[in-house]
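**Student:** Take a look at the following structure, please.
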Amino acid sequence: QKSICLSSWRIKVMEGNTAISLEGKRQDMKGLLWHSNAITERVAHNQLRTSSGSLYLLQGKIDSATMRREGFPYRFIKRFTYGFSRRWKEYVQEFLEERRR
């Protein structure tokens with residue numbers, strides 16, 4: 001299965017604050033802005049699987065400037081600067097719970 005490579009990637013919150021997805025420039029499509037389905041699994045710090053089974057490869061660092069503009073807290077963005085840590089689910093849960101309040 002071929003992975004989808006995203007650069008200038010960032011995290012987006014999905015409808016109802018229940019999950020996160022990715023958005024970024026798709027490398028094989030001349031930098032087209034691309035949205036993923038919900039992230040369900042971390043394969044490696046820069047490899048993620050979505051609910052539809054697609055594999056995403058993250059290139060470079062997170063697009064923190066855009067995320068700041070979209071209102072994400074600095075602390076949250078910092079945890080994902082270089083990709084997804086083993087504790088990513090914990091960080092996302094905490095963040096989404098705060099948003100649901």
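**Student:** Rounded to the nearest percent, how much of the accessible area of the chain (1.4 Å probe, protein heavy atoms only) is carbon and sulfur?
**Tutor:** Looking at the chain in its full context, I get 48 percent from C and S.
**Student:** Can you give the accessible area of E70 in Å² (nearest 10), computed on protein heavy atoms with a 1.4 Å probe?
**Tutor:** 80 Å²
**Student:** In whole Hz and in residue order, list the ³J(HN,Hα) couplings for the range 14-30 that follow from phi through the Karplus curve 6.51 cos²θ - 1.76 cosθ + 1.60, θ = phi - 60°; x for Gly and Pro.
**Tutor:** Karplus-based 3J(HN,Hα) across the range 14-30 equals 7, 2, x, 6, 10, 7, 10, 10, 10, 9, x, 8, 7, 5, 7, 10, 6 Hz.
**Student:** Mind ranking M29, M67 by accessible surface for me, highest first, 1.4 Å probe?
**Tutor:** M29, M67
**Student:** Return one quarter of the surface area of the convex hull spanned by the alpha-carbon atoms of the range 4-100, equal to its mean projected area, in nm².
**Tutor:** The Cα convex hull of the range 4-100, projected and averaged over all directions, gives 5.6 nm².
**Student:** Given Cβ point charges of +1 (Lys, Arg) and -1 (Asp, Glu) and nothing else, what value in debye, to the nearest 20, does the dipole of the range 4-100 about its Cα centre take?
**Tutor:** Here the range 4-100 has a charge dipole of around 280 debye.
**Student:** Can I ask one more? Can you spot the lysines whose alpha carbon is less than 18 Å from K2's alpha carbon? Ignore those fewer than 8 places along the same chain.
**Tutor:** Within the straight-line limit of under 18 Å, K2 reaches these lysines: K25, K30.
**Student:** Now, a different point. Relative contact order for the range 4-100 using alpha-carbon pairs under 8 Å, separation at least 6, rounded to a whole percent?
**Tutor:** Rounded, it is 26 percent for the range 4-100.
**Student:** Ok, one more. Roll a 1.4 Å probe over the protein chains and send me the accessible area per residue for the chain in Å².
**Tutor:** Roughly 59 Å² per residue, with all protein chains present.
The values are calculated or read from the model by the stated rules, or taken from the named source; none is laboratory data. Everything numeric here is computed off the predicted structure, so don't read it as measured data. Every residue, glycine among them, receives a Cβ derived from its backbone with ideal geometry; neighbour counts consider all protein chains shown. The accessibility values were calculated without ligands, DNA or RNA, using every heavy atom of the protein model including side chains. Shrake-Rupley method; radii C 1.70, N 1.55, O 1.52, S 1.80 Å.
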